[in-house]
Amino acid sequence: MLHWVKRHLVSILCIIGVMAPFIGMSLIDTFYYSTIFGWIIGFCCFVISYIIVSNRPDEEEGAVNTPKEST
């Protein structure tokens, strides 16, 4: 389960980032500033997912490396 979450973390964060402002807007009757917090949480999710993607190596650990041809 942890491997699956680690593998799909960026997708999960992007979905949460898109849904957070809408959830915040629906909670406006409960808390007046919930829309602002929803937008902030959504922005933070997108920033965290960008940081993860930019720091992630290009190749996965399980990928098979093919030898390069020498010319």
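Tabulated values for the structure
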quantity: Subset tally (residues that are open to solvent by 70 Å² or more (accessible area, probe 1.4 Å) and either β-branched (V, I, T) or touching a strand residue (DSSP E or B) at 6+ places or on another chain (Cβ under 7 Å) (or both)) for region 40-62; calculated: 5
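Table: residues versus (1) in contact with a helix residue (DSSP H, G or I) (Cβ under 9 Å, 6 or more places away or on another chain); (2) open to solvent by less than 100 Å² (accessible area, probe 1.4 Å); (3) touching a residue at least 40 places away in the same chain (Cβ under 8 Å).
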| site | (1), (2), (3) |
| --- | --- |
| R7 | no, no, no |
| V18 | yes, yes, no |
| F22 | yes, no, no |
| M25 | yes, yes, no |
| S34 | yes, yes, no |
| G38 | yes, yes, no |
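The values are calculated or read from the model by the stated rules, or taken from the named source; none is laboratory data. Everything numeric here is computed off the predicted structure, so don't read it as measured data. Methodologically, a virtual Cβ is constructed for each residue, glycine included, from the backbone with ideal geometry; neighbour enumeration extends over all protein chains shown. Keep in mind that these areas ignore ligands, DNA and RNA; they rest on the heavy atoms of the full protein, side chains included. Shrake-Rupley method; radii C 1.70, N 1.55, O 1.52, S 1.80 Å.
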